[in-house]
Amino acid sequence: MNDLANSTMTQNSPPVRIDFNTPELQRKRRLRAFKDRLTRWYVLVGGLAVLAAITLIFFYLAYVVVPLFQGAELTTKKAMTPAWLTQDAGKPLMIALEEQNLVGMRVSDKGQALFFDTKTGAELKRVDLPVPAGTQVTSIGADQPGNPLVVLGLSNGQALVFSHSYKITYPDNHKTITPAIDYPYGQQPFALGDSGRALEHVSLNVNGDTLVVAGSSGAQLQVLQLSREENMMTGEVTSEQNHIELPQMTEAVKAIFIDPRQQWLYVINGRAQADVFSLRDKSLNGRYKLLDDADAEVTASAQLVGGISLIIGDSKGGLAQWFMARDPDGEQRFKQIRTFQMGKAPIVQIDAEERRKGFVALDASGKLGVFHSTAHRTLLVEPMAEGAGVLALSPRANRLFVEEGGKLIPASLRNPHPEVSWSALWSKVWYENYDEPKYVWQSTASNTDFEPKLSLSPLTFGTLKAAFYAMILAAPLAIAAAIYTAYFMAPGMRRKVKPVIELMEAMPTVILGFFAGLFLAPYLEGHLPGVFSLFVVMPFGILLAGFIWSRLPESIRLRVPDGWEAAILIPVILFTGWGALTLSPFLETWFFGGDMRLWITNDLGITYDQRNALVVGIAMGFAVIPNIYSIAEDAVFSVPRSLTLGSLALGATPWQTLTRVVILTASPGIFSALMIGMGRAVGETMIVLMATGNTPVMEMNLFEGMRTLAANVAVEMPESEVGGSHYRVLFLAALVLLMFTFVMNTLAELIRQRLRKKYSSL
């Protein structure tokens with residue numbers, strides 16, 4: 001730049017001008033332009049990166065969730081015709097597979113158990129069962145899925161019980177499976193009755209040391225109870241047989257099933273009838289009609305894992321699930337829960353999975369159907385054989401065998417997530433041992449017979465409930481405080497109040513949840529009358545203080561600077577709160593018999609939990625207040641001063657100016673504050689986790705807890721199996737939470753834009 005002080009000027013010389021294009025200024029401009037471009041690109045790339053990250057999160061969640069809703073896949077392999085099958089192998093009664101899918105067992109009507117290699121079909125071992133000479137095997141029955149006990153019904157009215165086992169050894173580091181037949185109740189068959197007639201249908205169940213075997217000959221029913229007791233001192237085993245007398249049947253029996261608790265005996269008889277007997281009372285519970293169609297009849301039946309449900313197949317390709325449920329009068333009845341339709345051909349065999357509530361069915365045309373009872377899903381219907389055969393399903397439900405037409409047809413089944421469906425996630429589901437359909441989330445339990453219940457409805461309901469009660473407390477307080485601070489409060493006081501309130505936002509939510517769960521919840525329980533009286537007394541106390549202040553002499557009121565009147569309310573609020581909480585024990589004694597909690601439970605019939613929605617509303621309300629307050633206060637404070645002064649100049653009162661000018665102009669910002677606060681409440685984890693009891697119930701009761709989507713994901717994700725149904729459902733919960741916030745924010749932005757357009761002309 002030129003040095004004007006050192007330049008020589010005369011009266012006639014031209015004026016000396018400043019040079020703005022010196023090398024130094026050009027260098028500064030270039031540096032400034034570079035910084036501007038760098039900042040612009042940095043902001044652009046940063047914004048696009050955020051959008052890309054959100055999009056990738058969404059697609060990753062969808063990628064993990066999509067397999068939940070895929071069906072089953074069946075891969076049929078080349079049929080095998082082993083040598084032993086072409087010989088006089090007899091009629092197959094049952095085929096079973098072991099856990100590793102390497103060894104299969106075939107039981108024939110000749111009283112032989114043959115073990116074969118599932119890969120080649122080669123014979124591994126043949127065992128002649130101790131069937132008495134001159135008798136034939138007339139029927140076969142097995143215990144509930146997963147139990148290796150099998151019972152044979154003989155032509156002389158006797159029954160033989162055996163079990164199959166598979167011992168795994170590693171000689172020379174080579175895996176070897178050794179199949180074996182065991183006789184836990186002896187090799188001698190025992191008679192179910194004294195008729196001596198052939199047993200056409202048999203069934204058994206073992207519960208502890210008690211074995212119950214049931215058989216039928218025509219319409220005649222025989223039930224035998226065998227109890228064993230071992231002397232712990234001598235090791236001597238004593239057994240006792242007891243014949244259970246039940247009312248006799250009137251029609252021919254088709255199938256028999258025994259409840260695993262040995263409480264109920266189900267007898268399928270006639271065309272389509274089920275008689276249910278109580279083994280404990282030795283009485284008939286009821287006779288139930290299984291089919292309404294007079295042209296259809298029951299052709300197949302099986303127990304699901306756990307033995308509680310029965311799957312009934314009919315001659316028109318229909319399947320139905322039945323189990324005992326309690327009526328409103330308290331009596332248990334046999335009820336049809338849900339139905340499936342496989343095709344038009346009669347169902348010939350049903351096999352249940354050993355670990356899930358799924359089952360497979362084979363019809364007379366050779367079609368195979370894969371179903372899941374609780375999810376009410378038909379996962380697959382494909383042809384597997386040329387006609388009816390004997391079906392076997394592996395324990396892991398990933399391998400199938402069908403013997404049909406003198407050959408073995410193997411198949412692989414891929415069915416990873418059958419228990420998840422749209423109805424199971426969002427609708428009421430009638431689970432076993434439940435009296436009615438319900439929304440239930442219970443992912444784990446302590447026993448192996450447990451069925452996961454993965455309904456997202458109570459979690460979504462709990463999320464909305466927690467956010468609702470938090471916003472009821474937070475929204476009025478935060479908006480009112482923001483309006484007063486920005487419009488009425490003195491600038492000096494505003495500079496002190498606003499940072500203090502915004503400082504609450506930095507408090508960790510873990511601390512708030514810890515405080516709410518360990519202190520606030522028991523304190524509210526002990527001071528319920530005082531807490532509820534606060535909501536009534538506090539507004540009246542503030543109004544009374546304002547009325548008294550307006551009636552004071554001006555000499556007193558003028559001593560308080562304009563805009564500092566709110567400071568006077570601090571002792572009023574403290575005194576009113578202290579008074580309400582101090583009177584709480586007396587109010588409880590006068591009006592509620594000394595215990596308001598018991599009065600709510602007994603007199604009102606409202607369930608009371610210590611950690612409930614009231615505690616969550618207070619704790620999470622204080623966590624949300626700073627968010628709403630800060631944004632709303634900035635919106636109100638940013639209203640142009642000219643609008644306020646113009647309104648006052650035209651004769652409007654300060655209150656009219658506030659309600660008709662300021663709030664309307666600031667409405668987009670206030671609405672944004674509410675939506676951001678709502679989003680914070682929906683996504684909150686630690687407060688609701690510690691202060692609600694984390695119970696997945698659908699109850700709007702103020703004194704009941706809840707479980708939210710975010711808290712559920714945080715708690716159960718570490719204990720879920722990677723890639724399992726529970727794991728993917730948790731990802732689905734996260735996806736639901738993401739989509740919920742996305743939809744809410746989108747709607748909020750649309751409403752905010754409309755408000756801004758509408759009131760921008762003010």
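Numbers for the structure displayed
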item	result
Selected residue (criterion: farthest from Q87 (Cα to Cα)) from residues of the range 137-146 that are out of contact with any Lys or Arg (no Cβ under 8 Å at 6 or more places or on another chain) and at pLDDT 90 or above	D143
Residue within the range 575-590 that is assigned to a loop (DSSP other than H, G, I, E, B), surrounded by 15 or more Cβ atoms within 10 Å (Cβ to Cβ), modelled with pLDDT of 85 or more and in the same structural domain as L534 (by TED's automatic domain parsing) present	yes
Sole exception among (1) more than 30 Å from G617 (Cα to Cα); (2) modelled with pLDDT under 85 for I548, by number	(2)
Some residue of the range 551-574 being assigned by TED's automatic domain parsing to the domain that holds W590, among the aromatic types (F, W, Y) and either assigned to a helix (DSSP H, G or I) or closer than 16 Å to L477 by Cα (or both)	no
Residues located in the range 82-109, provided they are touching a Leu at 6+ places or on another chain (Cβ under 9 Å), of a type outside the set (G, A, S) and farther than 19 Å from L393 by Cα	P82, W84, L85, D109
Of all residues in the range 65-75 being surrounded by fewer than 17 Cβ atoms within 10 Å (Cβ to Cβ) and touching a residue at least 24 places away in the same chain (Cβ under 8 Å), the one that is nearest to W422 (Cα to Cα)	F69
Listing of helices (runs of 4 or more DSSP H) fully contained in the range 662-762 that carry 3 or more residues being polar (S, T, N, Q) and at pLDDT 90 or above	none
Residue in the range 400-418 that is loosely packed, with under 15 Cβ neighbours inside 10 Å, small (G, A, S) and modelled with pLDDT of 90 or more present	yes
Residue that is assigned by TED's automatic domain parsing to the domain that holds V127, of a type outside the set (A, V, I, L, M) and farther than 22 Å from F162 by Cα, where the choices are Q225, Q220, Q188	Q220
Single residue of the range 93-134 satisfying the filter (exposed (fewer than 15 other Cβ atoms within 10 Å of the Cβ) and of a type in the set (A, V, I, L, M, F, W, C)) that is farthest from P410 (Cα to Cα)	A133
Filter result for D634 (assigned by TED's automatic domain parsing to the domain that holds V688, of a type in the set (D, E), out of contact with any strand residue (DSSP E or B) (no Cβ under 6 Å at 6 or more places or on another chain) and not in a helix (DSSP H, G or I))	no
Criterion violated by E353 - all others in (1) under 17 Å from R377 (Cβ atoms); (2) of a type in the set (D, E); (3) touching a strand residue (DSSP E or B) at 6+ places or on another chain (Cβ under 6 Å) satisfied	(3)
Extreme residue, modelled with the highest pLDDT, among residues of the range 58-115 that are closer than 30 Å to R728 by Cβ and small (G, A, S)	A62
K119 vs. criteria without any contact (Cβ under 8 Å) to a residue 60 or more places away in the chain, within 40 Å of the chain's Cα centre (by Cα) and in a strand (DSSP E or B)	no
Strands (runs of 3 or more DSSP E) within the range 165-244 that include 1 or more residues acidic (D, E) and without any contact (Cβ under 8 Å) to a residue 60 or more places away in the chain	176-182, 220-230, 237-244
So Y183, is it surrounded by fewer than 20 Cβ atoms within 10 Å (Cβ to Cβ), modelled with pLDDT of 90 or more and not β-branched (V, I, T)	yes
Selected residue (only one of G693, G724 is surrounded by fewer than 18 Cβ atoms within 10 Å (Cβ to Cβ) and either under 14 Å from the mean Cα position of the chain (by Cα) or closer than 21 Å to I511 by Cβ (or both))	G724
All positions within the range 555-569 that are of a type in the set (D, E, K, R) and farther than 15 Å from V497 by Cβ	R557, R559, D562
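Here's the yes/no breakdown for (1) within 30 Å of A96 (Cα to Cα); (2) part of a helix (DSSP H, G or I); (3) in contact with a helix residue (DSSP H, G or I) (Cβ under 7 Å, 6 or more places away or on another chain):
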site	(1), (2), (3)
L413	yes, no, no
L425	no, yes, no
Y434	no, no, no
F468	no, yes, no
I472	no, yes, yes
I479	no, yes, yes
T485	no, yes, yes
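The values are calculated or read from the model by the stated rules, or taken from the named source; none is laboratory data. Keep in mind that this is a model prediction, so the values were computed, not measured. Because the Cβ atoms are built from the backbone with ideal geometry, glycine has one as well, and the counts that use them run over all protein chains shown.
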